[in-house]
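Note sheet for the following structure.
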Amino acid sequence: MTSGRAIDEATWFRYQDLRDGGMSMYGAAKKIGVSYRAASDFEKGIGSAVGRAAKKAFDQARTPAVIPYDDLCPEAKEAYDDIEVFARRYFGLILMPWQVEATSRIMELQASPQEEYVVINAPPGSGKSTFFTRILPAWATVRDRTIRGMIGSHTNRLAEWYTRRLKGEFERSIPVMAEAKDLKLGLALDAEVTLLGDYGRFKPDVKEVWRGDQFTVAQEGDIPVSEKEPTWTCFGVDSGFLGGRFDLIIWDDLYDPRKMRTAEAREDLKRWWDEVAETRLEPGGLLVLQGQRMAGDDIYRYALDKHVTVDEDEDWEADVPEELKLDGRRYHHLAYKAHYEDRCEKKHRLDGDPWPVGCLLYPRRLNWKQLSHVKSQTPDRYAVLYQQDDADPASVLVDPVWISGGTGVDGVEHQGCWDADRDLWELPKNLPGDVIIVATADPSPSKFWALQVWAYVPESGFRYLLESYRQKMDAPAFLDWNQEEGVFTGIAEEWWQLSADMGRPIQYWIVEANAAQKFILQYDHFRRWSAKRAVNLIPHYTHSRNKGDPDYGVQMLAPLYRHGRVRLPGKQRTDARPHALLLVNEVTKWSPDGHGSATDDCVMAQWFLEHNLPNIGLPRGNVTSLWRPSWIKEANKVEVA
């Protein structure tokens with residue numbers, strides 16, 4: 001009853017139309033002027049006789065839960081098979097070629113029998129969030145209602161907004177209307193029909209979860225699926241416990257630069273990614289990490305640098321397309337630039353063809369007038385945010401092509417710096433002349449230490465990286481004395497033993513001066529260890545004048561990489577390349593103005609070597625190695641010319 005009068009059938013028809021259009025029970029009741037209790041009784045089928053009759057008629061006339069593929073209309077079948085048609089028909093959106101290509105690659109990865117991981121980078125304004133949190137999940141659900149998916153972001157609030165919006169698309173009974181501005185610019189159209197109209201009901205009749213933060217779509221025959229995870233669930237980095245396992249996981253814009261201003265915050269995110277986010281994938285599932293690049297050491301770069309051991313004789317690899325096979329990398333990478341220089345003909349029309357025909361990824365939304373302004377004002381931001389590079393190649397210390405090898409922008413052919421067959425703690429045979437083994441350390445007040453071991457060959461001028469390390473540690477972890485067992489412990493002792501086993505013990509440790517005084521020289525056991533192992537400590541003094549000196553500052557590293565005199569261990573399916581990448585990822589992002597890499601510990605550790613190298617010489621006499629048993633000599637034999 002409302003104001004003492006009976007509620008007629010027409011009123012309940014209007015109420016049901018509002019509910020089918022996605023309005024809440026409270027909102028629909030208020031709209032038609034009935035009480036919330038009356039609306040609740042109507043939906044339960046326990047209201048007035050008129051209401052019960054109307055509810056029964058609605059239930060009998062409701063769309064079936066699932067319309068089989070064979071019974072779909074031709075247009076619905078086409079949309080089911082083609083995501084371009086799907087986006088235009090139900091969302092009024094015109095997809096760009098990069099979105100269609102990304103979908104094709106995702107489908108190939110989903111068909112893999114193994115768990116697959118992919119990083120997708122695209123510039124801001126290219127429509128990636130709408131596509132990956134709305135269009136793609138809806139299409140995946142229409143094609144497979146049993147899917148278990150998760151949408152995640154840097155906050156649970158944003159992730160829930162995405163999930164709530166997706167849920168609304170499955171409830172929508174009126175086709176979406178495009179905004180007048182988008183219609184005028186040709187960016188969108190009015191949708192033709194709704195998902196509900198073409199594919200049947202998605203909201204289940206049986207008792208299933210149907211909330212903004214998670215929901216389960218109706219299955220064929222309204223079979224309950226309460227024993228498994230909902231169809232779609234949302235999570236944020238701040239959600240706390242991340243439960244459940246999923247077939248398709250989509251993380252959108254996970255990296256929030258406002259919260260990633262310290263090294264510890266970035267390390268915490270990486271640890272959370274390893275221990276929580278990646279572990280939620282079901283066998284045979286797909287994890288998508290997408291967003292624009294934000295910094296040289298953001299979560300996307302961290303994921304892309306991950307390596308795994310891949311057995312060459314695994315049967316499943318035969319079923320994977322050649323372009324999707326990994327070479328020791330954990331993540332596939334799809335990167336889309338705002339502007340492609342190699343395709344540019346200096347014709348940047350707003351109505352021009354988008355990439356891959358034209359040079360602009362999305363001419364209407366990311367036009368050249370806008371991009372050229374960003375490029376001229378903030379080239380670093382343009383390179384990272386819009387071009388998906390680690391940094392602006394023109395402003396960094398080391399051009400990545402100097403390390404990988406190949407032809408640079410100047411037309412010069414670079415040999416590269418990787419030794420493809422060399423592992424950690426290995427040197428090539430037939431080295432000319434004597435070899436100096438030097439270890440360097442750059443401790444940090446935040447307890448992140450960067451440590452390296454180098455083999456320098458004066459005759460050839462080559463520097464061979466033997467080990468690279470960057471982790472949290474303190475002075476005892478670097479070197480300590482175990483009184484009970486009467487032995488030295490810590491990285492310094494472990495590395496000395498490893499270098500001695502290869503016949504070339506570490507001769508020098510170069511350590512930041514303040515750190516050396518604070519962490520090392522105050523300990524008596526370090527002086528005893530230094531004397532026993534014949535290791536000399538060289539304190540390095542860093543100040544703004546020598547660090548920025550064009551001849552003796554950090555810039556002195558650049559020509560060493562350009563001419564291939566820095567040799568990096570790069571043996572596949574070992575720890576060599578991941579360890580070396582700790583240094584590579586910094587030198588290819590470091591710039592004198594402080595932009596680029598958020599950390600420079602590894603760069604500083606290598607600079608300590610180069611800055612002090614003129615003061616280092618081989619010990620006088622014939623001492624070149626320690627005595628070792630013959631079996632060790634044979635196993636680690638290194639011929640010296």
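The values are calculated or read from the model by the stated rules, or taken from the named source; none is laboratory data. On a predicted model such as this, the values are computed, not experimentally measured, just so you know. Positions of Cβ are backbone-derived with ideal geometry, glycine not excepted, and every protein chain shown enters the neighbour counts.
In the range 128-171, what residues are outside any helix (DSSP H, G or I) and either surrounded by fewer than 23 Cβ atoms within 10 Å (Cβ to Cβ) or not polar (S, T, N, Q) (or both)?
Matches in the range 128-171: Asp144, Arg145, Thr146, Ile147, Arg148, Gly149, Met150, Ile151, Gly152, His154, Thr155.
For the range 282-306, which positions are of a type in the set (Gly, Ala, Ser) and within 14 Å of Asp389 (Cα to Cα)?
Once the filter is applied, which keeps residues that are of a type in the set (Gly, Ala, Ser) and within 14 Å of Asp389 (Cα to Cα), the range 282-306 yields Gly291, Ala295, Gly296.
Please find, among Glu116, Glu108, the residue that is touching a strand residue (DSSP E or B) at 6+ places or on another chain (Cβ under 8 Å), modelled with pLDDT of 90 or more and within 23 Å of Gln290 (Cα to Cα).
It is Glu116.
Taking the range 165-197, which residues are among the charged types (D, E, K, R) and out of contact with any strand residue (DSSP E or B) (no Cβ under 8 Å at 6 or more places or on another chain)?
Selection gives Arg165, Glu169, Glu171, Arg172, Lys181, Lys184, Asp190, Glu192.
Is there a residue being assigned to a loop (DSSP other than H, G, I, E, B), over 30 Å from Asp256 (Cβ atoms) and not β-branched (Val, Ile, Thr) anywhere in the range 360-376?
no
Look through Arg504, Arg527 and report the one residue that is among the basic types (Lys, Arg), out of contact with any Cys (no Cβ under 8 Å at 6 or more places or on another chain) and free of Cβ contacts under 8 Å to residues at least 24 places away in the same chain.
None of the others qualify; the one that does is Arg527.
Could you list all residues from the range 366-381 that are modelled with pLDDT under 90 and of a type in the set (D, E, K, R)?
Lys375, Asp380, Arg381
Determine, yes or no, whether Arg533 is more than 36 Å from the chain's Cα centre (by Cα) and either modelled with pLDDT under 90 or polar (S, T, N, Q) (or both).
No: the conditions fail for Arg533.
Condition check: closer than 15 Å to Tyr300 by Cα and within 17 Å of the chain's Cα centre (by Cα). Does Arg271 satisfy that?
Against the criterion (closer than 15 Å to Tyr300 by Cα and within 17 Å of the chain's Cα centre (by Cα)), Arg271 qualifies.
Residues checked against (1) out of contact with any His (no Cβ under 9 Å at 6 or more places or on another chain); (2) touching a residue at least 12 places away in the same chain (Cβ under 8 Å):
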residue: Gly352; (1), (2): yes, no
residue: Pro363; (1), (2): no, yes
residue: Leu366; (1), (2): no, yes
residue: Leu371; (1), (2): no, yes
residue: Pro379; (1), (2): yes, yes
residue: Gln387; (1), (2): no, yes
residue: Asp390; (1), (2): yes, yes
residue: Pro400; (1), (2): yes, yes
residue: Val409; (1), (2): yes, yes
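For the range 66-90, what are the residues that are acidic (Asp, Glu) and in contact with a helix residue (DSSP H, G or I) (Cβ under 8 Å, 6 or more places away or on another chain)?
Glu75, Glu78, Glu84
When only residues in the range 137-159 that are of a type in the set (A, V, I, L, M, F, W, C) and touching a Leu at 6+ places or on another chain (Cβ under 9 Å) count, which is nearest to Trp232 (Cα to Cα)?
Within the range 137-159, the match that is nearest to Trp232 (Cα to Cα) is Met150.
Among the helices (runs of 4 or more DSSP H) contained in the range 191-304, which hold 3 or more residues that are closer than 30 Å to Glu171 by Cβ and out of contact with any Ser or Thr (no Cβ under 7 Å at 6 or more places or on another chain)?
It comes to 195-199.
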